[in-house]
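S.K.: Let me give you the structure first, and then I'll get to my questions.
The numbers here are math on the coordinates, done by the rules we state, and not lab data. Treat the numbers as computed from the prediction; the structure is a model and nothing was measured. Don't worry about glycine lacking a Cβ; one is built from the backbone with ideal geometry, like all the others, and counts go over all protein chains shown.
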Amino acid sequence: MKLYLNEISSATSRVRIALALKELTVEVQSVGILGAEAESRQAAYRNINPQGLVPALLTDNGVLVTQSLAIIEYLDELQPEPALLPRTLEERAQARSIALAIASEIHAFVTPRIALHLGASFGADADTIAGWNRHWIKEGMAAVEHRIAGGRRGDFAVGDQPSVADIFLFPQSVSARRLGLDLAQWPNIAEIVTNLEAIPAFAENAPAPRK
Ligand SMILES: N[C@@H](CCC(=O)N[C@@H](CS)C(=O)NCC(=O)O)C(=O)O
């Protein structure tokens with residue numbers, strides 16, 4: 001299998017964590033997602049993935065799978081242990097729900113292409129864009145905190161085993177901290193992230209800081 005990735009990418013970090021938990025190794029190819037690197041991506045990488053986003057996984061059968069949740073569920077079916085979805089029907093729904101709340105209602109608003117558009121079309125400078133990012137992360141994380149608090153939390157977001165909920169929560173929490181947001185305002189998330197930091201598959205596969 002071959003993974004198209006970028007080290008700073010939060011969505012890539014999710015897949016790298018899943019691969020590490022399952023002790024799977026894949027060939028990797030880096031794709032630029034910022035500045036001049038992003039322009040070269042347009043030409044070459046869009047021939048492979050027309051959406052131009054990372055991560056994307058090329059399976060051993062030559063099929064390209066995009067979207068981190070779809071990739072992680074593919075890996076989970078390919079190699080079921082350790083399971084990345086909880087055992088019960090409700091818990092599985094809850095784990096997917098938290099993962100999607102992060103992917104669709106936080107991360108989607110704070111990507112490089114959104115920042116590029118805010119700058120190019122509305123004249124937003126770096127500080128305005130950082131404020132925009134903080135706004136969506138703060139609002140989204142408060143909702144996730146609420147959902148975790150009212151759910152079936154154990155040591156992790158859903159139960160006592162790391163699941164897709166944690167795999168999505170961890171990189172987003174790292175990004176939140178880098179933007180100056182204190183995780184302590186979301187006590188359940190803060191505690192879960194501390195637990196996740198003790199697991200090498202998480203700690204070693206956080207998104208790299210932007211240079
Ligand atoms: N929903 C997608 C998100 C993919 C995505 O937005 N990836 C970012 C990196 S974290 C990207 O490629 N951004 C390039 C850009 O925004 O121009 C997933 O979960 O895989």
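S.K.: Below 8 Å, C-alpha to C-alpha, sequence gap of six or more: please give me the relative contact order for segment 89-203 in percent.
M.R.: Across segment 89-203, relative contact order equals 31 percent.
S.K.: Kindly write out, for segment 149-156 in residue order, the coupling ³J(HN,Hα) from the Karplus curve 6.51 cos²θ - 1.76 cosθ + 1.60 (θ = phi - 60°), rounded to whole Hz, with x marking Gly and Pro.
M.R.: Each residue's phi maps through the Karplus curve to give 4, x, x, 10, 5, x, 5, 10 Hz.
S.K.: Same structure again: By what distance, in whole Å, do the Cα atoms of the chain stretch along each of the three principal axes, largest value first?
M.R.: Projected onto the principal axes, the Cα atoms of the chain cover 44, 43, 26 Å.
S.K.: Right, another one. Quick one: if the Förster radius is 45 Å, what FRET efficiency do residue 64 and residue 127 give, using the C-beta to C-beta distance and rounding to 0.05?
M.R.: The computed FRET efficiency comes out at 0.75.
S.K.: What GluC sites (Glu not before Pro) does segment 126-211 have in DSSP loop regions with at most 10 other beta carbons within 10 Å?
M.R.: For GluC sites (Glu not before Pro) across segment 126-211 that sit outside H, G, I, E and B with at most 10 neighbouring Cβ atoms in 10 Å, the list reads 204.
S.K.: Also, I was wondering about something else. If you stretched the chain out fully between residue 109 and residue 43, how much longer would it get, using 0.36 nm times the residue separation minus the C-alpha to C-alpha distance?
M.R.: Extending this stretch completely gives an extra 21.3 nm.
S.K.: Which of the GluC sites (Glu not before Pro) found in segment 9-118 are in a DSSP loop and have at most 15 neighbouring Cβ atoms, other than their own, within 10 Å?
M.R.: On the way: sites: 23, 27, 37, 39, 73, 77, 90, 91, 105; in loops: 23.
Hits after loop and neighbour filter: 23.
S.K.: Still on this structure, please answer the following. Could you give the size of the charge dipole of the chain about its Cα centre, using +1 on the Cβ of each K and R and -1 on the Cβ of each D and E, expressed in debye and rounded to the nearest 20?
M.R.: So the dipole magnitude of the chain works out to roughly 420 debye.
S.K.: Right, here's the next one. Considering the Cα trace of segment 2-78, what is its radius of gyration and what is Dmax, both in angstroms?
M.R.: 12.0, 37
S.K.: So, counting K/R as plus one and D/E as minus one, what does the shell of residues with Cβ under 14 Å around residue 3 add up to?
M.R.: Here the charged neighbours net out to +1.
S.K.: Which of the trypsin sites (Lys or Arg not before Pro) found in segment 25-118 are in a DSSP loop and have at most 14 neighbouring Cβ atoms, other than their own, within 10 Å?
M.R.: 87
S.K.: Okay, next question. Tally Lys and Arg at +1 and Asp and Glu at -1 over the other residues with C-beta under 13 Å from the C-beta of residue 180: what net charge comes out? Show your work: numbers first, answer last.
M.R.: Working: positive: 134, 138, 177, 178; negative: 127, 182.
Taking every other residue near residue 180 into account, the sum is +2.
S.K.: How do the peptides 153-161, 176-184, 14-22 rank, highest first, by the average count of neighbouring beta carbon atoms within 10 Å per residue?
M.R.: 14-22, 153-161, 176-184
S.K.: To continue, here is another question. Hey, rough spin-label estimate for residue 198 and residue 78, points 7 angstrom out along Cα→Cβ, what's it come to in nanometres?
M.R.: Calculated label separation equals 3.1 nm.
S.K.: Another one. At 0.36 nm per residue, minus the direct Cα-Cα distance, what do residue 28 and residue 190 gain on full extension? Give it in nm, one decimal, please.
M.R.: Between residue 28 and residue 190, full extension yields an extra 55.2 nm.
S.K.: Rounded, prolate or oblate: which fits segment 89-203 when a ≥ b ≥ c are the square roots of the eigenvalues of the alpha-carbon gyration tensor, with rounded for a/c under 1.5 and prolate only if a/b beats b/c? Each step should come with its number before you reach the end.
M.R.: On the way: a/c = 2.31, a/b = 1.92, b/c = 1.20.
Prolate, since a/c reaches 1.5 and a/b exceeds b/c.
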